[in-house]
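Engineer: Sharing a structure, written as structure tokens. Questions coming.
The values are calculated or read from the model by the stated rules, or taken from the named source; none is laboratory data. Remember, it's a predicted structure, so these values are computed and weren't measured experimentally. Cβ: placed from backbone, ideal geometry, glycine included. Neighbour counts: every protein chain shown.
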Amino acid sequence: MKAAAFAYARATSVGNALQLLETYGERAKVLSGGQSLMPAMNLRLVSPELIVDIGELAELRGISVSGGVVRIGALSRHVDLLKSPDIAEHAPLLAEAIAHVAHPAIRNRGTIGGNLAHADPASELPACMVALKATIVVRGPAGERRVAAENFFTGIYETDLSARELLISVELPMAGKNSAHFFHEFARRRGDYAMAGLAAQAIVEEGAFTDLRLVFFAVGDRPVLAKVGSGLLGRAVTPAELATASSALGKELDPQDDQQASASMRRHLAKVLLARGLSALLGRPDLHAGVRA
Amino acid sequence: MTVTSSNPEILSELDRPNSYIGKVVPRPNLGRLMQGRGLYVSDMELPRMGHVVFLRSPHAHANIRGIDAVAARGVPGVIAIVTGKELSAIITPWVGVLSHLKGLKSAAQHAIAIDRVCWQGEAVAAIVAVSRAVAEDAAELVRVDYEELEAVTDMRTALDPATPVIHPSLGDNLAFERNLDAGEVDAAFAGSDVVVEADFIFGRHTGVTLEPRSVVADWNTAEERLTIYQGTQAPHMVQNIAALHLGLEELQVRVVCKDVGGSFGIKVHIYADEMATYALSKLLRRPIKFVADRVESFNTDIHARDHRCWGRIGVGRDGVITAFEIDDLTGIGPYSMYPRTSAIEANQVVNLVGGPYVTRNYRARARVVFQNKNVMCQYRAVGHPIACSVTEGLVDLAAARIGMDPVEIRRRNLIADNAYPCASPSGLRFELLSHHAAMNKLMTMMNYDALRAEQAELRSKGIHRGIGIASFIEVTNPSAAFYGVGGARISSQDGVAVRLDAQGSVICQTSITEQGQGSESLTAQIVGSVLGVSMERVRVILGDTDNTPYGGGTWASRGAGIGGEAALQAAKILRGNILDVAAAILQSSAAELDIADNAIVNAADGASRMELRELARIVYFRPDTLPPGVQSELMATRHFVPREYPFAFTNGVQASWLEVDTDTGFVKLLRHWVVEDCGTLINPQLVDEQIRGGVVQGFGAALFEKCIYDERGQLTNASMADYLVPMSGEMPDIEVGHVVSPTSETELGAKGAGEAGTAGAAAAVANAVNDALRPFGAVITEIPLTPQLVLTALGRV
Ligand SMILES: Cc1cc2nc3c(=O)[nH]c(=O)nc-3n(C[C@H](O)[C@H](O)[C@H](O)COP(=O)(O)OP(=O)(O)OC[C@H]3O[C@@H](n4cnc5c(N)ncnc54)[C@H](O)[C@@H]3O)c2cc1C
């Protein structure tokens, strides 16, 4: 398990990195925290000719808040998110989710940019980005683009990024008044990728949802923003409505079989998450107790 | 005598002032390992060393039509590319059979496959280069022309006439069959009030050592001698086999085993790629290093436990068990492993089922079949988890059927503590066990009645918790009955040499080995205690065939019981010799003297007479001052092997407390208890941690670990991401208690403790899950108990 030989360049600026990517195209790989790229190289699943190490690019670092927006630089490590008071205050969903990403050693190196660019459908962070209506900021030869998280993830390990572009940062609207969030995942062991998970962000006013983004992960080829969420807005949710939403969710999802869980098991777990999530967001234990998914 | 104690300070009769026996003392090797100064094989660099990478078959079964290595040979840094045929001129093939396992058959296995590959992962060529990375580059360029053959993967159809025979010369795919019929089984079942049966299914899993298998082989042409540096449990066995197949005398092979990063039985076998590495060193006349990477570890380290075992039990309404019957089937891969064979696990299952119980009526059949999957062989607690899960699963099913508490049914059937010596229906002889004392202690530790009340209360709130109990017996301290009688050159005796050096410190050489169990510590504790020397002044040397007495090594829970007794006896002789010289110097008699705190003292009042340091100075440098005729012998050697009992059986009982989320199928372990009886405890902390580690491996089997093969014989989860080992986040607190029934076959009284945890953990967990699911009428007799399995049993998916 040794990587094939490769050339290495430490980018000195974003411009320099983009230049290298322009020249090498598909034959280059950006190196960020290395927690997904290095294992893949050691297994020789990928053998890039050139590694472009962006680790020194100060402008990709840092978490800041201004104008109602939380900006997270691509090189922010998982541990930075975990410890950031700004994230805890303005994006508590993300603060809760990040604790479920891998283990301390990996969180000390892995970055949000690398995680989102890697786009593992079982990962927590892409789902959070969709739930939080994040904007992904990308720079390439033609300048900067801003992509809504919903449109950024395009398939298993696939995104809207081209081989000549860098993910620069993500921007999240600050959590507003009456906002509520729910995060839960079912993983065989703490720190594992989930068998099914739910990242949800909502606005709850007088016991009813005025906004509800239910984003399921590990149940499709990318994070799934469930359509059933929109049907639950504006009124008190009854157990009967939950049951209807639950079966609609089952039809909406198209999960894959794998070693951890069959498609039907994943669908079932998503329904359990739906019940638990709605009951937690609304503070209604009766909903959860009433449903046998 | 049986002592029940919760106080580890007085756990041994040998415990006396200034003794280390029965005491928690830090291991002498702690500093070395914690400061990163351990020496593992992968740390080694020798001049001119080549690194070997094995090109491995992607197919489970295929003919090799040709190998084209021309392009690979041209890669700069490549030293050689060697095929199986070329290597067969250097090293002969082997057949993994033993004569006492009657009828066991297997085919000749080569270091590298020659015409045909029989499992995905079998080596087809060796690529030797100046570094592992270069060898991997070159390996990508070797072209092998395979003709794929039908793979035999399902053990249930392996014996069908329509299934291809993997080794045509053997006639069929049956490697071994054993039948046993004891007592009056049919009559007993006919007379039972209730008969319950079930199919028990065990996932194939493996040992996953932190340090993979590693070898550096160094053929010295000038000396005509091969030095093998290897992380192995049995250096003398490796020496014997390497010499045998390379056509050398054992004198020409030295095996050195420094620090080893875990073994669990994985490193007690002879692997084809290790044999190939020895042969490559001889062929290429230079040191060769092989370090398995994680993917090839999963594909080539022995697997274990792939069993399907049907079982039934008869009981009366009074809870008395009338009979057990089992039919066990296991698939072992294409070859029986060398030299311990792959029939031992099934054989143990036959031996051990029903072992804790009184009933004399027992019938068993075990069949061992070949398949095109990785080889299977002995791994921690060989056969025990299968036998324990089947036995204890059946006992719980019977208890549920007659409406009896699981503890009560066990109390009515466990062999009485005063019934020893006695024997099991399969002929196992028990010297002294303590099932009832252990059960009583367990009940107190876990507060059983209160837990049952809590369970009932939570059940009414929709929280489903379960209690699982599993009694077990464990084979330890094996005599020659295990391997020697079957013709294997695997020593069942061990030797220890102790000597007083010129400053009064002690050098101790032992044939047992250390892979983390604490062999160094227990040896130093025993020697220090017997000699009256402090532990810091005892240096233990192990793992070197040139520098230790001949012996078996460390496996089958034998290090403390056998190697420890040899250490005790050697130290006693040396002590006598020291006192003889001291008497001569002090013009006293040996009987009037003792050794304590590194000094000769008066036996009567403990007054110090002379430092050992001073005694050693006189003996080594001024022997002229000793009385005429006094020749001191400050080195002594003793060997030990059990002769009265083929095995020193131990016993114990485990209990699991867990919660099942019936919405998701997830099982959460809450607490676990173990009471076990390994006789004298030399270092209670080492024993407790052995138990805990073993339990965790049992949890792995119960909930997580499984080598998942597809129908074409491809291992589909050969990585740490997909093969789930138990991790700390999911582990409950594990409480350990002891009952102490020393064996009287040795002065030390120690039996083994290394496998007890693994033996019963999975059975306790499975019983607890079924206990939790009882209101739903669901019964699961398959492990690992995945959420998918639980939800399926509940009819939810
Ligand atoms: C044992 C283990 C467990 C894990 N468990 C989880 C888990 O439970 N959940 C989870 O979400 N993740 C998990 N991970 C993955 C971890 O979160 C990784 O850190 C993350 O997926 C990748 O981030 P990285 O910074 O390490 O990226 P790298 O490995 O450096 O890069 C990943 C990919 O993204 C590309 N890339 C990196 N940065 C950029 C950029 N700025 N612009 C464009 N492309 C870029 C790289 O070229 C590469 O293709 C686990 C990893 C390990 C080793």
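Engineer: Looking at (1) part of a helix (DSSP H, G or I); (2) buried (at least 20 other Cβ atoms within 10 Å of the Cβ); (3) more than 26 Å from the chain's Cα centre (by Cα), which is the only condition B:S389 fails?
Structural biologist: (3)
Engineer: Next question, about the same structure. Scan the stretch A:115-140 for residues that are near the ligand (Cβ under 10 Å from one of its atoms) and either among the polar types (S, T, N, Q) or out of contact with any strand residue (DSSP E or B) (no Cβ under 8 Å at 6 or more places or on another chain) (or both) and report the count.
Structural biologist: Looking only at that region, the number is 5.
Engineer: Take the residues in the stretch A:283-293 that are at pLDDT 65 or above and either surrounded by fewer than 22 Cβ atoms within 10 Å (Cβ to Cβ) or facing another protein chain (nearest Cβ under 9 Å) (or both), then tell me which one is nearest to A:A200 (Cα to Cα).
Structural biologist: Just the residues of the stretch A:283-293 that are at pLDDT 65 or above, to begin with: A:283-288.
Imposing the further condition that a residue be either surrounded by fewer than 22 Cβ atoms within 10 Å (Cβ to Cβ) or facing another protein chain (nearest Cβ under 9 Å) (or both) reduces the set to A:283-286, A:288.
Numbers: A:G283: 14, A:R284: 16, A:P285: 17, A:D286: 19, A:H288: 16 Å.
Once the filter is applied, the top-ranked residue is A:G283.
Engineer: Only one of B:A450, B:A470 is closer than 27 Å to B:A768 by Cα and surrounded by fewer than 15 Cβ atoms within 10 Å (Cβ to Cβ); which?
Structural biologist: Working: B:A470 fails: surrounded by fewer than 15 Cβ atoms within 10 Å (Cβ to Cβ).
When all the criteria are applied, what remains is B:A450.
Engineer: Every residue in the stretch B:319-359 that is within 21 Å of B:C118 (Cα to Cα) and β-branched (V, I, T), please. Step through it out loud before you land on a result.
Structural biologist: The first filter runs over the stretch B:319-359 and keeps only residues within 21 Å of B:C118 (Cα to Cα), leaving B:329-343.
Those that are within 21 Å of B:C118 (Cα to Cα) and β-branched (V, I, T): B:T330, B:I332, B:T341.
Engineer: Can you find a residue in the stretch A:81-100 that is within 14 Å of chain B (Cβ to nearest Cβ) and within 14 Å of the ligand (Cβ to nearest atom)?
Structural biologist: Yes, the stretch A:81-100 has at least one match.
Engineer: Same structure again: Which numbered condition in (1) within 14 Å of another protein chain (Cβ to nearest Cβ); (2) crowded, with 22+ Cβ neighbours inside 10 Å; (3) in contact with a Phe, Trp or Tyr (Cβ under 8 Å, 6 or more places away or on another chain); (4) closer than 18 Å to B:R465 by Cβ is the only one that B:A768 fails?
Structural biologist: With respect to (1) within 14 Å of another protein chain (Cβ to nearest Cβ); (2) crowded, with 22+ Cβ neighbours inside 10 Å; (3) in contact with a Phe, Trp or Tyr (Cβ under 8 Å, 6 or more places away or on another chain); (4) closer than 18 Å to B:R465 by Cβ, B:A768 is out only on (1).
Engineer: Assigned by TED's automatic domain parsing to the domain that holds A:R71 and modelled with pLDDT under 95 - does that describe any residue in the stretch A:142-156?
Structural biologist: First pass over the stretch A:142-156, keeping only residues assigned by TED's automatic domain parsing to the domain that holds A:R71: A:142-156.
Still in the list and also modelled with pLDDT under 95: A:142.
Looking for residues that are assigned by TED's automatic domain parsing to the domain that holds A:R71 and modelled with pLDDT under 95, one finds at least one in the stretch A:142-156, hence yes.
Engineer: As an exercise: evaluate B:S741 against (1) over 23 Å from B:E392 (Cα atoms); (2) surrounded by fewer than 22 Cβ atoms within 10 Å (Cβ to Cβ) and give the number of the one condition it does not meet.
Structural biologist: The single condition B:S741 does not satisfy is (2).
Engineer: Please tell me if A:L269 is touching a Gly at 6+ places or on another chain (Cβ under 8 Å), within 14 Å of chain B (Cβ to nearest Cβ), assigned to a helix (DSSP H, G or I) and closer than 29 Å to A:L116 by Cβ.
Structural biologist: When the stated conditions are applied, A:L269 does not pass them.
Engineer: Now for a separate question. Suppose the filter is farther than 23 Å from B:P93 by Cβ, part of a strand (DSSP E or B) and touching a residue at least 40 places away in the same chain (Cβ under 8 Å); does B:R308 pass it? I'd like the intermediate steps shown before the answer.
Structural biologist: Values: farther than 23 Å from B:P93 by Cβ: yes; part of a strand (DSSP E or B): yes; touching a residue at least 40 places away in the same chain (Cβ under 8 Å): yes.
Yes, satisfied.
Engineer: Now, a different point. Just give me the residues in the stretch A:145-160 being part of a strand (DSSP E or B) and more than 13 Å from the ligand (Cβ to nearest atom), in sequence order. Can you show your working first?
Structural biologist: Initial filter on the stretch A:145-160 (part of a strand (DSSP E or B)): A:145-148, A:153-155, A:158-159.
Matches in the stretch A:145-160: A:R146, A:A148, A:T154, A:G155.
Engineer: While we're here: For the stretch B:399-468, which fully contained helices (runs of 4 or more DSSP H) count at least 1 residues that are touching a Cys at 6+ places or on another chain (Cβ under 7 Å)?
Structural biologist: Details: elements: B:406-411, B:435-446, B:448-460.
Those helices (runs of 4 or more DSSP H) do not exist here; none qualify.
Engineer: Right, here's the next one. On the basis of being more than 21 Å from B:M439 (Cα to Cα) and out of contact with any strand residue (DSSP E or B) (no Cβ under 9 Å at 6 or more places or on another chain), does B:A701 make the cut?
Structural biologist: Details: more than 21 Å from B:M439 (Cα to Cα): yes; out of contact with any strand residue (DSSP E or B) (no Cβ under 9 Å at 6 or more places or on another chain): no.
Judged against the criteria, B:A701 is not a match.
Engineer: Which of the following residues is part of a helix (DSSP H, G or I) and either over 27 Å from A:S64 (Cα atoms) or of a type in the set (D, E) (or both): A:A236, A:A240, A:A163, A:A194?
Structural biologist: Details: A:A236 fails: part of a helix (DSSP H, G or I); A:A163 fails: part of a helix (DSSP H, G or I); A:A194 fails: part of a helix (DSSP H, G or I).
Within the list A:A236, A:A240, A:A163, A:A194, the selection yields A:A240.
Engineer: If you don't mind, there's one more thing I want to ask. Can you pull out every residue in the stretch A:10-54 that is surrounded by fewer than 16 Cβ atoms within 10 Å (Cβ to Cβ) and small (G, A, S)?
Structural biologist: A:S13, A:G15, A:G25, A:S47
Engineer: I'm trying to understand the selection: among the residues of the stretch B:539-594, which are among the β-branched types (V, I, T), farther than 13 Å from B:V496 by Cα and within 27 Å of the chain's Cα centre (by Cα)?
Structural biologist: Going through the stretch B:539-594, the residues among the β-branched types (V, I, T) turn out to be B:540-541, B:545, B:548, B:554, B:562, B:573, B:578, B:581, B:585.
Going one step further and asking which of them are farther than 13 Å from B:V496 by Cα, we end up with B:554, B:578, B:581, B:585.
Listed by number, the list holds a single entry, B:T554.
Engineer: Taking the residues in the stretch A:180-233 that are acidic (D, E) and within 15 Å of the ligand (Cβ to nearest atom) as candidates, determine which candidate is modelled with the lowest pLDDT.
Structural biologist: Of the stretch A:180-233, the ones acidic (D, E) are A:185, A:192, A:205-206, A:211, A:221.
Retained after the next criterion (residues that are within 15 Å of the ligand (Cβ to nearest atom)): A:185, A:192.
Working: A:E185: 98, A:D192: 94.
Among those residues, the one meeting the criterion is A:D192.
Engineer: Take B:R499 and decide whether it is part of a strand (DSSP E or B) and surrounded by fewer than 20 Cβ atoms within 10 Å (Cβ to Cβ). Break it down into steps so the answer makes sense when it comes.
Structural biologist: Details: part of a strand (DSSP E or B): yes; surrounded by fewer than 20 Cβ atoms within 10 Å (Cβ to Cβ): yes.
In short, yes.
Engineer: Of B:L670, B:L748, which residue is crowded, with 22+ Cβ neighbours inside 10 Å and among the hydrophobic types (A, V, I, L, M, F, W, C)?
Structural biologist: Answer to the check: B:L748.
Engineer: Among B:E676, B:E755, B:E705, B:E735, which is acidic (D, E) and more than 15 Å from B:V653 (Cα to Cα)?
Structural biologist: Values: B:E676 fails: more than 15 Å from B:V653 (Cα to Cα); B:E755 fails: more than 15 Å from B:V653 (Cα to Cα); B:E735 fails: more than 15 Å from B:V653 (Cα to Cα).
Within the list B:E676, B:E755, B:E705, B:E735, the selection yields B:E705.
Engineer: Against the conditions (1) in contact with a strand residue (DSSP E or B) (Cβ under 8 Å, 6 or more places away or on another chain); (2) within 23 Å of B:Q120 (Cβ to Cβ); (3) not polar (S, T, N, Q), where does B:V725 fall short? Just the number, please.
Structural biologist: (1)
Engineer: Right, something else. Tell me whether the stretch B:248-271 contains one or more residues that are within 14 Å of chain A (Cβ to nearest Cβ) and touching a Ser or Thr at 6+ places or on another chain (Cβ under 6 Å).
Structural biologist: Of the stretch B:248-271, the ones within 14 Å of chain A (Cβ to nearest Cβ) are none.
No, there is no match, as no residue in the stretch B:248-271 is within 14 Å of chain A (Cβ to nearest Cβ) and touching a Ser or Thr at 6+ places or on another chain (Cβ under 6 Å).
Engineer: Is it the case that A:A11 is closer than 19 Å to A:S123 by Cβ, away from chain B (no Cβ under 14 Å) and more than 9 Å from the ligand (Cβ to nearest atom)?
Structural biologist: Details: closer than 19 Å to A:S123 by Cβ: no; away from chain B (no Cβ under 14 Å): yes; more than 9 Å from the ligand (Cβ to nearest atom): yes.
It is false that A:A11 is closer than 19 Å to A:S123 by Cβ, away from chain B (no Cβ under 14 Å) and more than 9 Å from the ligand (Cβ to nearest atom).
Engineer: Could you check A:I168 against (1) under 24 Å from A:L37 (Cα atoms); (2) within 14 Å of chain B (Cβ to nearest Cβ) and say which number it fails?
Structural biologist: All conditions pass for A:I168, except number (2).
Engineer: Another question, if that's okay. Which one of A:S47, A:S32, A:S36 is closer than 15 Å to A:L116 by Cβ and within 14 Å of chain B (Cβ to nearest Cβ)? Give the derivation first.
Structural biologist: On the way: A:S47 fails: closer than 15 Å to A:L116 by Cβ; A:S32 fails: within 14 Å of chain B (Cβ to nearest Cβ).
Within the list A:S47, A:S32, A:S36, the selection yields A:S36.
Residues are listed down the side, and each one gets a yes or a no for (1) surrounded by fewer than 24 Cβ atoms within 10 Å (Cβ to Cβ); (2) of a type outside the set (K, R); (3) away from chain B (no Cβ under 14 Å):
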residue	(1), (2), (3)
A:M129	no, yes, yes
A:V137	yes, yes, yes
A:A148	yes, yes, yes
A:T154	yes, yes, yes
A:T159	yes, yes, yes
A:R164	yes, no, yes
A:G197	no, yes, no
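Engineer: If you don't mind, there's one more thing I want to ask. So the check is Cβ under 6 Å with 6+ separation or different chains; which pairs have a first residue in the stretch B:289-303 that's within 12 Å of chain A (Cβ to nearest Cβ) and more than 16 Å from B:K373 (Cβ to Cβ) and a second one that's surrounded by fewer than 21 Cβ atoms within 10 Å (Cβ to Cβ) and not hydrophobic (A, V, I, L, M, F, W, C)?
Structural biologist: Pairs found: B:V291/B:S42.
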